[in-house]
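Trainee: Below is a structure I'd like to ask you about.
Values in this text are rule-based calculations from the coordinates and carry no lab data. Computed from a predicted structure; not experimentally measured. As a convention, Cβ positions derive from the backbone with ideal geometry for all residues, glycine included, and neighbour counts pool all protein chains shown.
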Amino acid sequence: MRAGLLSIVLLGACGVGEDPVPNPTARVCTATMTVTGSFVRGVAPPLNADGTMYEGCWPVGTWTFQATVNTNDCAKAPAMLPQYSFQGTLGTDPQNGDPIQQFAYLTDPSAHNIIRVSAAGNAMCEGELTLYSPAGTEIWGLKPWLNPDNTIIGDGEYAMYTNDQWTNAQ
């Protein structure tokens, strides 16, 4: 009985944290983008346990960048905002009291969005900002890379769909 219950619990958790998988058969068109911008550090990274300076991805601060369309196979080029911005802050894990990084979309907090940041090579941070139109039929997937010198470079993709992709992403 316990093994069966454990299997059910484990199977239910399989989709947690995975990227949204839009319906590829509903895709109408796409565009690619280039991302450039800058980062303003918030809280300084903690020192290592041995007192040495922390090295690696530290995304706590404000990410601000622009996206420019490179290629487009849509009838009309996607509407791009003048700039995009999200902020990384430190919070506290309510379960164990450990510090955790949290992210908020600043450009339009009411927009459907998903933000993730992970460590990449060479002390860089790889961000992912996924934005959905109100109807969920347009997705902007922006991937800013935070360099050690606080510059941001990256790429992105826009896709238009015939049906709501936001409800599939949640």
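Trainee: Which log10 I(q)/I(0) values, to two decimals, does the stretch 37-100 give at q = 0.21 Å⁻¹ under the Debye formula with one point per Cα?
Mentor: Values returned for q = 0.21 Å⁻¹ are -0.94.
Trainee: Related question: Send over the semi-axes of the stretch 46-143's equivalent ellipsoid, whole angstrom and largest first, taken as the square roots of 5 times the C-alpha gyration tensor eigenvalues.
Mentor: The three semi-axes for the stretch 46-143 are 32, 17, 10 Å.
Trainee: DSSP loop (so not H, G, I, E, B), at most 12 other Cβ within 10 Å: list which GluC sites (Glu not before Pro) in the stretch 52-142 pass both filters.
Mentor: Passing both the DSSP loop test and the Cβ count: 55.
Trainee: For residue 165, which sequence-distant residues (separation of 5 or more, or a different chain) have an amide H within less than 5 Å of its own amide H, given hydrogens modelled in the peptide plane?
Mentor: Residues meeting the criterion, in which the H sits 1.01 Å from N, are 137.
Trainee: Kindly write out, for the stretch 30-41 in residue order, the coupling ³J(HN,Hα) from the Karplus curve 6.51 cos²θ - 1.76 cosθ + 1.60 (θ = phi - 60°), rounded to whole Hz, with x marking Gly and Pro.
Mentor: Each residue's phi maps through the Karplus curve to give 9, 9, 10, 9, 10, 10, 9, x, 8, 10, 10, 5 Hz.
Trainee: Turning to a different aspect of this structure: Only sites in a loop by DSSP and with at most 15 other Cβ atoms within 10 Å count here; which chymotrypsin sites (Phe, Trp or Tyr not before Pro) in the stretch 41-103 make the cut?
Mentor: Of the chymotrypsin sites (Phe, Trp or Tyr not before Pro), the ones in loops of the stretch 41-103 whose Cβ has at most 15 other Cβ atoms within 10 Å are 54.
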